[in-house]
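Below: one structure, written as structure tokens.
The values are calculated or read from the model by the stated rules, or taken from the named source; none is laboratory data. All of these numbers come straight from a predicted model, not from anything done at the bench. Cβ atoms come from the backbone with ideal geometry, glycine included; neighbour counts cover every protein chain shown.
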Amino acid sequence: MSHCEELAGDILLCLDNALTGQELEDFRAHLAVCANCWERLEEELALSSLLRKARPLYLAPQPLRARVAAAAEQISARAPLSDRSGRTRMQKLSRWPGDFTRPALSWKLLAAITLVLILTLVFIPGALQRVRAKDYVEAATAIHRTYRDGTLPLQCRSRSSEVVTDWFAGKTSFHVQLPTSKFVPKGKTVYWLTGARLVSYKGKPAALVAYETPTEKISLLVASEKSVVVAGGEEVRSGNLTFHYQSEANFEVITWTNHGLAYALVSSLAGSPQHSCLVCHQNMADQKLVEH
Amino acid sequence: MDVIFPSGNRYILSQTLDEVFDGLYGYAMVLSRDPTEAEDLVQETCVRAIQAIENLRPDGNVKSWLFTILRNIWLNQLRQQRTAPKMVELDVDESSADIAVEPSKDPHALYVSKVEREQVREAIQQLSEEFREIIVLREYGELSYQELASVLGCPAGTVMSRLGRARSKLRSLLSGSLYTPDRQAKGAAE
């Protein structure tokens, strides 16, 4: 088998940005001297581009989505009442993809709950804000837990912020621009980018950016500020930004808004708000901002 | 007992269904080549997934699990059809399938996009069943090589070589629509 044939698999891996380290260096070195493989790579890139432009190849009909949602609702109705955990699951699923859930509670109980909610929202200033802010924090922790447990795999794996920024292009209603990768001396890396994926928040695509430290997985949920309220927790100001620190379901969550986007950083890094920032930002120029 | 159900699984199923619904339908279309049959396949897949969510392992991959369910339903149907008397051979008619469009594009871009999509669909339908399946799962289901190996029930090495051959065949079928920098340069020189 020729060297070019041996590298045929590497061309596919290269298309997916899955070649790293020495393998990537070897592949680049071969491309520099092999016109055939270079041409083959260009052809594969052109094919991938054309196939991507044809996405989605088929669009699922709306009536099918409705039928599936109705089926989920039927399964929910059939679930035995004694199986409370199962019923909760089915109710949650039956919300997909639209409003097909019928209330499982009696109308009297619902009316009472509604009245209490209205009174709470009317008489306690900012209650609605806090409820909406809590919703974003809960969503961010639920997403982080599933990512950390490995049940929410990354769709783009790369340590390059440029690659991840390019991957998000056109996938969300807002522009996701990660800070350009900066050189960090060997041995000084405290955390690093691992990749990204799309998630859904309030039915709209949101961005999940994943980072790691030697011991910890960290996730950053980014959504449009239009659908999010950021509030509550312990507030820490840094420059023009206000960070909200809170604990949720055994995770530490920091939320903030900037340039029309809402961010939620979730990790298990315990400690004071300032300390948790310094874990990652200890070598950066903004350290003084964080310390104050 | 709540512990048998890993926290976050119900969330991940609804998220994944949101994400892969078009991909599942595309895979069903490619397998069945019939919109009605494809809809039935997707609906049955979703129903079985919802019913079986309690049995999902905490480390299970929901996306490849959904595609595997769909594939198994299809293979079971094929087995049943083989044993039953064959009545009618249906023509492939995809006209009733929804055309995927992006509303933000201008009419010309929409037209170009539609033409390209039609070319891609036609080329994919000309592939053998084995190649068709792997291309659609990879490019439109966006499954990783490991996920492909799991759905197709073969080693990752086989996935890579089959995908390489499928792409090679597809490249030749779509050669008129592919523009590489090299070809563009040659065209400009001529």
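With buried (at least 19 other Cβ atoms within 10 Å of the Cβ), assigned to a loop (DSSP other than H, G, I, E, B) and modelled with pLDDT of 85 or more as the only criterion, which of A:L57, A:L51, A:L64 stands out? Break it down into steps so the answer makes sense when it comes.
Details: A:L51 fails: assigned to a loop (DSSP other than H, G, I, E, B); A:L64 fails: assigned to a loop (DSSP other than H, G, I, E, B).
On inspection, the qualifying residue turns out to be A:L57.
How about segment A:10-40: which of its residues are more than 18 Å from A:V163 (Cα to Cα) and crowded, with 17+ Cβ neighbours inside 10 Å?
Hits for segment A:10-40 are A:D10, A:F27, A:L31, A:C37, A:R40.
Could you list, in sequence order, all residues of segment B:46-66 that are more than 9 Å from every other protein chain (Cβ to nearest Cβ), closer than 15 Å to B:A28 by Cα and out of contact with any Asp or Glu (no Cβ under 8 Å at 6 or more places or on another chain)?
Scanning segment B:46-66 gives B:W65, B:L66.
For B:R79, which of the numbered conditions (1) at pLDDT 85 or above; (2) farther than 19 Å from A:R52 by Cα; (3) in contact with a Phe, Trp or Tyr (Cβ under 9 Å, 6 or more places away or on another chain) fails to hold?
(3)
How about segment A:143-155: which of its residues are crowded, with 21+ Cβ neighbours inside 10 Å and either free of Cβ contacts under 8 Å to residues at least 60 places away in the same chain or not in a helix (DSSP H, G or I) (or both)? Talk me through it step by step, then tell me what you get.
Of segment A:143-155, the ones crowded, with 21+ Cβ neighbours inside 10 Å are A:143-147, A:151-152.
Answer for segment A:143-155, where residues must be crowded, with 21+ Cβ neighbours inside 10 Å and either free of Cβ contacts under 8 Å to residues at least 60 places away in the same chain or not in a helix (DSSP H, G or I) (or both): A:T146, A:T151, A:L152.
The rows are residues; the columns are (1) at pLDDT 80 or above; (2) in the same structural domain as B:K169 (by TED's automatic domain parsing).
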{"residue": "B:D18", "(1), (2)": "yes, no"}
{"residue": "B:R33", "(1), (2)": "yes, no"}
{"residue": "B:V42", "(1), (2)": "yes, no"}
{"residue": "B:T83", "(1), (2)": "no, no"}
{"residue": "B:E102", "(1), (2)": "no, yes"}
{"residue": "B:L127", "(1), (2)": "yes, yes"}
{"residue": "B:E130", "(1), (2)": "yes, yes"}
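If you check B:L70 against the conditions, is it in a helix (DSSP H, G or I) and modelled with pLDDT of 95 or more? Let's see the steps before the verdict.
Values: in a helix (DSSP H, G or I): yes; modelled with pLDDT of 95 or more: yes.
For B:L70, the condition - in a helix (DSSP H, G or I) and modelled with pLDDT of 95 or more - is met.
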